[in-house]
Every structure is written in C-alpha cells, then in structure tokens.
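Asker: Take a look at this one; I'll ask things after.
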Amino acid sequence: MSHQQQSFWTKYIFSTDHKTIGKQYLFFGLFFLLWGGLQAMVIRWQQIYIGVEVPLVGKLIWPDSGGILTPDIYNQLITMHGTIMLFWAITPLLTGAFGNFVVPLQIGARDMAFPVLNMLSFWVFFLSGGVLLGSHFLKTGPSASGWTAYPPLSTPVGGIPGWGQTMWILSLVLMGVAVILGAINFVTTVIRLRAPGMGFFKMPLTVWGFWLSSILNAVFVPIIAAGLIFLLLDNVLGTQFFIAGSKATVKGGDPLLYQHVFWLFGHPEVYILILPVWGIVSDLLATFSRKPAFGYKATVVSMCTVTALSGLVWGHHMYVTGMSPLLGKSFMFLTLLISIPTSIFFLNWIGTMWKGSLRFDVPMLFTMSIVFVFGLGGLTGLYLATVTSDMYLHDSMFLVGHFHYTLAASVFMASFAGIYFWFPKMFGRLMDPLLGKIHFWVSFLCLNYVFFNMIVVGYAGQHRRLFDPAVYDFIKPLMPLNKMISMFAFALGLVQLLFFFNFFRSLFRGKKADRNPWKAATLEWTLDHPIPHGNFQGEVVVKTGPHEYSHPDFKGRDWIAQTEELPKQ
Amino acid sequence: MARYLKIIFISAAAAVFLMGPAHAGIWYLPFPEDISLNGWRIDRVIKYIDVVITIAFGLVLAALIYFIFRYRARPGHRAVYDRGDRPVNILATVCLGLLVFFSIDLVIEKMSFHDLKEVFWNFPRGANVLKVEIMPQQFAWNFRYAGGDGEFSTEDDIVAPLNQMHVPVDTPVVVQMAPYDVVHAFYVANLRIKQDAVPGTVTTFWFQATKKGVYEIACSALCGIGHTNMRGFLTVESREDFQRWLAGLGTETSSEEDVWAAEETAGGILTKWGWKWQAKSQ
C-alpha cells in the first residue's frame with residue numbers, strides 16, 4: 001500500500017482512510033444528536049405548555065400553526081426523534097465513529113479490509129441522512145406513524161397525508177445499505193486483518209463488541225430492508241402486503257407480518273447498539289481501575305450468548321397482539337434467559353473495579369455511570385419480558401423510561417466516554433476535564449431524573465405518545481411530575497451545549513496530548529498523533545492481552561503495552 | 001474548599017432528586033385502583049420483580065459506592081493484579097448464572113405462564129357470560145351487544161352509543177375485537193388490561209369488573225392524529241341497571257354520535273359492522 005500526498009478532496013472529503021471516515025461519522029452523528037435532541041426538547045415543551053407557541057423556533061418552523069404544536073406535528077416529532085436518535089445519531093456515533101476509528105487501530109491493521117467500500121458506506125449514509133432531513137421540508141411534514149411505522153397507519157389507509165412516509169422508508173433503506181456495507185467491512189477486517197499474535201482472545205473487548213454488533217447488522221438489517229420495501233410498495237404502488245381489515249378493498253395482507261419482520265430486526269437492533277457499549281465499558285473500566293478485565297473470557301462468552309439469543313426473542317414486543325400463550329411462553333423464556341449472560345458480565349464489571357486503583361478521569365465517570373444506568377435499564381426489562389406484567393406496562397411511559405435507560409442513557413454515556421477517551425488520539429488534544437466533569441454530573445443527574453420518573457408515571461398508568469396526557473382523568477394527578485420531567489429534560493439539553501463548547505474549543509485550543517495520556521495498553525496508544533494513512537510503520541507483533549495493568553513483576557510503570565512481553569514468572 | 005463544594009453538590013443533588021416526586025405528591029410507585037377480579041395477578045408479578053430488582057440493583061449500587069471510596073487511586077495504593085479467571089471465579093460465575101435462572105427466570109416464567117394459561121386465556125363459558133364485540137376506528141370506540149338471541153350478526157344486535165361501554169358488575173365479560181382501519185389498543189388502567197386490535201385479526205380477551213363506577217378507556221397504540229382523544233368510558237353497574245340501559249338502546253341506534261358514524265359511511269360499512277362470534281372462546 002502506498003499513501004502519497006493527497007489533495008484536500010481525497011484527504012478530507014472522499015477519503016478512504018478509516019480514521020478520517022471515523023471523524024466524518026463523528027461530526028455527522030453529533031449533528032443528528034443535536035437535531036434529535038432539539039426535537040426531544042420540543043416534545044417535552046408540549047407536555048408542559050399545551051397549545052403555547054414553541055419559543056425561538058416555533059414560528060419559523062411551523063408558520064401555518066403560528067408556532068403552536070398540533071397533534072399531527074407532535075406525531076411527526078415523536079416519529080422523527082425516535083428514528084433520528086436510533087439510526088442517525090447512535091449508529092454513526094458508535095459503529096460509525098468509534099468502530100471505524102478504533103477497530104483497525106486496536107487490532108493492528110493498516111486500514112479496513114475494503115477502504116473504498118468504507119468510503120462508499122459513509123456517503124450512502126450521508127445521502128440517507130439528507131433524504132430524512134429533506135422530508136422535514138415537505139409541506140405535509142415528515143412521517144408521523146411512529147418510529148416503528150406500523151401499517152396500516154403507515155400506508156395510505158392510515159390517513160396521514162403526503163410523502164413523508166415514503167421518504168422515511170427510502171432514507172431507512174439507504175441507511176440499511178450503508179450499514180450492511182459497513183458490517184461486511186467490519187466482519188472481514190476483524191477476521192482477516194488482525195496483526196500477528198492478535199488472537200481472538202487477545203482482542204480488546206471493544207473490538208469484540210463492534211464485531212458481534214456487525215455480525216448482527218449483516219444478518220438482520222437485510223430483513224428490515226426487505227420489509228420496508230414491501231411497505232414502500234404498499235405506499236406507492238397500491239399493493240396490500242400489510243393492509244387488512246374493513247378498509248382493505250381486497251382482503252390480502254397481514255399487518256402482523258410487518259410487526260414480526262420489524263421486530264425480528266428491531267430486537268437485534270437494540271443489541272447492535274448496546275454490544276459496542278458493553279465492550280467499551282469493559283475496556284475502560286479495566287484501564288481506569290488499573291486492573292486486567294475481570295473474567296475476560298466469561299465476558300466474551302456472555303456477549304456471544306446475547307448475540308445468539310438476540311435473534312430469538314423478538315416476540316416479546318408483540319405479547320398483546322393476541323399472541324397465543326404457548327408462543328408467549330417460549331418468547332418469555334428465551335427473553336428471560338438473557339438475564340443470565342447479562343448478570344455475568346455485570347459481575348465481571350464489578351470484579352474489574354474490585355481491589356483496583358480507580359482513577360476518576362472524565363471517561364471513567366461516564367463509564368461508571370453506565371454500570372448504574374444500564375443496571376436500571378436492564379433490570380426494568382424484566383417487567384416487559386414477562387407476558388402478564390407486559391399486559392399492563394406495554395406501550396406505557398414505563399416502556400419509554402426503560403428503553404431510554406438502555407438506549408439513550410447507556411449509549412450516549414458510552415458515546416461521551418468514548419469521545420473524551422479517544423479525543424486525544426483523534427485530534428491530538430485533550431478535552432477540558434473541568435467542563436467535562438460538570439457536563440457529566442449535570443447530565444447524569446438530569447437524565448436519571450427524567451428517565452426514572454418516566455418509569456414512575458408509566459407505573460402509574462400513563463400510556464405513551466400522548467399529545468395532551470391531561471385528557472385522561474387518571475393521568476391528571478401525574479401532570480406535575482410530567483412537568484418536572486420536562487424541566488429536567490431542558491436542563492439536560494442545555495448542558496449538552498457545554499459539551500459542544502468543550503468539544504469545539506478543545507479541537508483548536510485544547511491542551512496538547514502526549515502519545516498515551518490515559519496510560520492504556522491497547523495498540524492505538526502506541527502511535528503518535530497524527531497517525532499517518534496506513535497507521536503502523538513496520539510490522540506490529542502482539543505479545544500480550546489487552547489489559548495488562550499493575551502486573552506485580554513489571555517494575556517502573558503499571559501497564560504493559562500489547563506489543564511488549566509479559567515478565568517471566 | 002473542594003471538599004465542601006463536593007458536599008454541597010451532593011446534598012443539592014439529593015434534594016433535587018427527591019423534590020420531583022414530592023412536588024407531585026408521589027413518594028411511592030402508585031398503581032391506579034384495581035377494579036378487576038384478576039388484576040392482582042398482574043400486580044403480584046410486578047411486585048415480585050420489584051423485589052428482585054431492588055435487591056439486584058441495591059447490590060450493584062452498594063458495590064459501586066463502596067469501591068469508589070475504598071479503591072480510589074491515591075498515593076501508596078496499588079491495584080491488585082487479578083484476571084478473575086481462576087477456578088473459583090468460574091465457579092462463582094456458574095453459581096450466579098444458576099441463581100439468576102432458578103430464583104428469577106423460572107419463578108417469573110412459572111408465575112406468569114400459570115396466570116396466562118389458567119386465567120387470562122381461559123375464557124369463561126356459560127349463560128352468565130356477557131359477550132361484547134368492539135370495533136375501534138380512527139378515533140372512537142364502537143361496542144356491539146348480541147341482543148336477545150345471544151348471537152352476533154343477527155337482526156337484534158345492539159350497537160351502543162359511540163365510546164360508551166356498559167358492563168354489569170361481577171360478571172365475566174368476554175370481548176372480541178377487530179379494528180376498522182389501523183392498529184388500536186384497548187387499554188383500561190383500572191382493569192390492568194391492554195389488548196391490541198390488529199386489522200384482519202379478531203383478538204379475544206376477558207375481564208370481570210368488581211366495582212361499580214365509570215372508568216376511562218384509552219387507545220394505547222399510536223393510531224394517527226386523534227390518538228390522544230380516542231377516549232371511551234366503561235360504566236360498571238348493577239345487572240338491573242345494565243339491562244335497563246341495554247333495553248333503552250333498542251336495535252336501531254339513533255343517538256347523536258351515531259349520526260356522525262352513519263354519515264361517515266355512505267356505503268353503510270360502519271352501521272353493518274360485526275362478525276360471527278369466533279368459536280375458540282365460546
């Protein structure tokens with residue numbers, strides 16, 4: 001491979017360098033995080049000030065209604081918030097940014113297996129984001145059928161006007177193409193391009209997380225892409241794959257089929273998003289506890305078990321569709337089984353910190369908070385895995401609180417942990433730790449307040465996606481709490497501005513970082529900034545595991561890089 | 001100074017955290033009043049899980065807090081090199097797995113499946129049972145009673161006024177439900193019942209209300225622009241009051257709400273809705 005001087009365009013825009021592509025994904029993901037976050041703010045505004053003009057931006061965005069939210073705008077907002085956060089904020093931040101930037105470096109590869117495919121994947125992703133953003137500018141607004149887009153609501157029968165749904169489907173199919181291209185690349189890279197000596201059980205757990213997540217992507221994203229194409233045909237060609245009931249002119253389709261297809265992808269999708277988090281948490285806990293990851297192999301086996309189980313449990317999203325008790329029983333059993341591997345790597349996380357020497361740097365604060373929030377998120381899953389308690393809690397704010405704990409809280413805390421941790425490797429500078437700590441504490445408190453009290457109001461019976469919850473008498477007593485949730489959500493939103501300020505300031509003015517500011521042992525920290533296209537000069541030979549910290553027979557420093565020998569016993 | 005700042009910060013955070021529920025007058029996780037014969041079964045499973053997760057999360061939290069103080073990096077403190085892969089660790093891992101499996105997974109599975117099979121899917125039969133057909137539509141609830149002959153899709157079917165469901169107290173009610181247009185979900189918090197209505201499928205569920213009163217029916221699946229306002233009322237009353245109400249309706253419905261329904265469907269779909277009672281739950 002030769003990497004000569006390049007022009008601006010090939011170096012920064014149409015680059016095949018995995019590090020540049022990773023950074024492109026990072027900025028792309030942060031943009032959509034901001035966008036989806038603002039939508040969340042407007043949604044929470046609606047819960048306090050029903051029928052009051054949205055401040056600052058209301059008149060600009062919704063001139064027809066005078067800046068006031070109407071039920072159709074509200075439905076568009078909840079749809080877009082869910083879609084954007086899951087597919088255009090979390091996916092690029094984790095798999096896109098950290099996956100691309102970190103995985104080749106950590107396995108000692110010179111680039112991804114297919115660099116051009118990698119670039120193509122990003123630009124298809126970019127295009128998909130453009131299509132989704134474009135749908136916001138339609139006269140009738142973007143899709144409004146929820147992020148799950150259940151037909152027949154998402155078909156012409158559902159009565160939602162305009163092309164929003166069609167553009168939503170197109171953007172998701174494009175996103176699917178990008179993700180599949182990326183997944184093929186990741187799976188191949190990890191199998192084929194590991195440096196000599198880098199056995200599977202010497203890989204950092206971050207790499208395991210991204211690898212397993214990419215396998216799930218490669219297997220399950222084609223399923224949703226196929227399902228969405230059928231939905232597209234229902235929308236534009238008048239087919240009736242998913243339309244049934246009295247409003248169907250020909251009795252042909254089955255809306256339940258869509259739900260099966262959607263959740264057959266949808267449940268693995270949550271593991272696609274959370275597996276990298278588990279990997280990052282396991283690695284960062286080891287690094288900042290100055291100890292090897294406790295029970296490394298047990299953690300790997302647990303992650304693999306969850307990966308295997310993830311494709312067998314989709315039915316728990318459909319308990320109340322009239323699913324037969326026998327099927328419900330099986331899905332409940334398989335879902336509950338996931339608690340076993342999860343509790344095992346939780347034990348290992350606790351074990352990693354046990355008798356360690358905990359350094360509370362900003363990435364560690366975020367990482368430890370994931371043990372907290374993912375603990376709550378995972379455990380509240382028990383209620384929804386159980387058929388009878390799901391009969392009460394299904395489609396409630398409890399569910400909203402639960403998945404925000406697992407997907408929003410855990411994943412964004414992990415994204416922030418990753419950004420603070422790898423920022424010096426990406427940009428050669430450190431982010432400001434004081435601002436980072438303020439950002440952490442306010443975020444941690446506010447998001448717990450918001451999501452825990454969503455669980456409380458859901459427990460008390462409030463169902464989700466309500467334009468005006470106070471319509472119901474049994475929800476009226478919960479309105480003060482709903483309003484407090486909104487207040488804390490605004491604080492949570494505001495403090496993210498501090499993060500963006502810190503991020504962009506550090507980009508140009510941050511303290512220069514040395515090669516290995518966190519004293520970490522994995523391969524990316526053996527390279528000086530800026531890492532050239534092609535990464536490693538000369539051959540990399542891996543000799544030890546990824547977390548050799550505080551080895552008793554190794555004097556001088558408390559970490560052994562993966563390229564160094566372990567001391568003789 | 002930094003120490004005092006930390007203490008102030010932590011107390012402020014604790015105060016803020018407790019303030020919300022206190023402000024709302026909610027110090028505990030409240031359920032809406034249960035007015036059904038079997039709602040306690042759902043509450044029981046939920047309470048069992050409450051206990052399980054309180055213990056599990058309590059342990060994690062205790063470990064986190066203890067470790068933060070005990071094992072924080074400081075001069076003279078060095079981490080103990082421990083990979084956690086000795087036989088004793090593997091034994092502990094296996095024990096944890098077994099503990100979780102037998103004390104959480106199997107208990108919940110057994111409890112929930114028993115209720116599901118023996119109660120919620122064991123539809124009551126006999127002369128005492130009231131049968132109701134429900135057809136949700138955007139954005140209202142249609143209810144149909146069988147009338148004198150006890151058969152649906154016959155001349156004497158009785159259609160209730162829009163959004164009004166009446167049932168006699170202490171009587172098993174078996175419901176069959178199919179929507180007119182999109183996916184809706186029948187949700188009565190006081191009954192602990194949530195059931196999707198999926199186009200093309202007739203879903204069946206049953207309940208028995210034990211307390212008189214008027215309760216709210218909500219649609220809990222996003223069904224479009226009027227989702228929030230898709231609100232119905234369940235009136236639980238004595239058997240006599242119920243019979244009187246039913247008799248007052250007659251087979252021809254002419255209430256104000258129904259004029260809208262009839263106008264809406266020039267083809268006569270809505271006024272002629274209903275289906276033969278599905279055999280599986282007779």
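Asker: Quantify how strongly other chains surround peptide A:288-296 by giving the mean number of their Cβ atoms within 10 Å of each of its Cβ atoms.
Answerer: The shielding value for this peptide is 5.
Asker: Restricting things to alpha carbons, find the Rg to Rh ratio for chain B using the Kirkwood radius for Rh.
Answerer: With Rh from the inverse mean 1/r over Cα pairs, Rg/Rh is 1.16.
Asker: Let me ask another. Can you grab the distance from the C-alpha centre of the range A:266-340 to the C-alpha centre of the range A:1-59, Å, no decimals?
Answerer: That distance is 29 Å.
Asker: Rank by packing, highest mean first: peptides B:116-123, A:133-140, with packing defined as the count of other Cβ atoms within 10 Å averaged across residues.
Answerer: Highest mean packing first, the order is B:116-123, A:133-140.
Asker: Counting DSSP beta bridges with both partners in chain B, what percentage is antiparallel, nearest 5?
Answerer: If I count the DSSP bridges inside chain B, around 75 percent turn out antiparallel.
Asker: Find the Cα radius of gyration of the range A:443-569, compare it with 2.2 N^0.38 Å by division, and give the number to two decimals.
Answerer: 1.81
Asker: Describe numerically, in nm with one decimal, the distance between label points set 7 Å from Cα along Cα→Cβ at B:A2 and at B:E155.
Answerer: For B:A2 paired with B:E155, the spin-label model returns 9.1 nm.
Asker: Using each residue's phi in the range A:48-55, evaluate 6.51 cos²θ - 1.76 cosθ + 1.60 at θ = phi - 60° and report the 3J(HN,Hα) Karplus result to the nearest Hz, with x for Gly and Pro.
Answerer: Per-residue couplings from phi come out as 9, 10, 6, x, 9, 4, 5, x Hz.
Asker: Roughly what would the spin-label model give for A:I229 and B:F233, points 7 Å off Cα along C-beta, in nm?
Answerer: Reported label-point gap for A:I229 and B:F233 is 5.2 nm.
Asker: What are the extents of the Cα atoms of the protein assembly as shown along their three principal axes, listed from largest to smallest and rounded to whole Å?
Answerer: Answer, in whole Å and largest first: 92, 56, 49 Å.
Asker: A further question on this structure: Starting from the 7 Å offset along Cα-to-Cβ, what nm value, one decimal, do you get for the label separation of B:F9 and B:C95?
Answerer: About 3.8 nm separates the two model spin labels.
Asker: What are the residues whose amide H is under 5 Å from the amide H of A:A293, where those residues sit 5 or more places off or on another chain and H is modelled from the backbone?
Answerer: HN-HN under 5 Å from A:A293: A:H547.
Asker: Less than 15 Å Cβ to Cβ from A:I13, Lys/Arg counted +1 and Asp/Glu -1: what total charge do the surrounding residues give?
Answerer: Net of charged neighbours comes to +2.
Asker: Could I ask something else about it? Neighbouring Cβ atoms within 10 Å as the yardstick, rank A:W211, A:W163 fewest first.
Answerer: Listing A:W211, A:W163 from fewest to most nearby Cβ atoms yields A:W163, A:W211.
Asker: Let me ask something else about it. How well do other chains shield peptide A:146-154, expressed as the mean number of their Cβ atoms within 10 Å of each residue Cβ?
Answerer: Per residue, the average neighbour count from other chains is 4.
Asker: What's the average, rounded to a whole number, of partner chain beta-carbon atoms within 10 Å of each residue's beta-carbon in A:226-232?
Answerer: Average per residue, whole number: 0.
Asker: Residue-wise, which Karplus ³J(HN,Hα) couplings in Hz belong to the range B:69-75, taking 6.51 cos²θ - 1.76 cosθ + 1.60, θ = phi - 60°, and x for glycine or proline?
Answerer: 7, 6, 10, 5, 5, 7, x
Asker: On to the next question. For chain A, what does the helix formula give at 222 nm: sum of -39500 (n - 2.57) over DSSP H segments with n ≥ 4, over the residue count, nearest 500 deg cm²/dmol?
Answerer: Mean residue ellipticity, 222 nm, calculated: -20000 deg cm²/dmol.
Asker: Related question: Mind checking the alpha-carbon convex hull of the range A:214-284 and giving the volume per residue in Å³?
Answerer: 85
Asker: Okay, moving on. Tabulate in residue order the Karplus-calculated ³J(HN,Hα) for the range A:534-542, using 6.51 cos²θ - 1.76 cosθ + 1.60 with θ = phi - 60°, rounded to whole Hz; enter x for Gly and Pro.
Answerer: With the stated coefficients, the range A:534-542 comes to x, 6, 8, 8, x, 8, 9, 10, 8 Hz.
Asker: Assuming 0.36 nm per residue, please report the length gained on full extension of the stretch A:R192 to A:I48 beyond their Cα-Cα distance.
Answerer: 46.4 nm
Asker: Round to the nearest 10 and give me the degree value, 0 to 90, for the angle of helix B:239-249's Cα axis relative to the longest principal axis of chain B.
Answerer: That helix lies at roughly 50 degrees to the long axis.
Asker: Can you spot the aspartates and glutamates whose alpha carbon is less than 17 Å from A:K355's alpha carbon? Ignore those fewer than 8 places along the same chain.
Answerer: Within the straight-line cut-off, A:K355 pairs with A:D283, A:E548, A:D558, B:D82, B:D85.
Asker: What is the magnitude of the charge dipole of the protein assembly as shown about its Cα centre, with +1 placed on the Cβ of each Lys and Arg, -1 on the Cβ of each Asp and Glu, and no other charges, expressed in debye to the nearest 20?
Answerer: Here the size comes out at about 3940 debye.
Taken together, the values in this text are just the output of simple stated rules run on the coordinates, not laboratory data. As the structure is a computational prediction, the values presented were derived from the model and not from experiment. We place every Cβ from the backbone using ideal geometry, glycine too, and count neighbours over all the protein chains shown.
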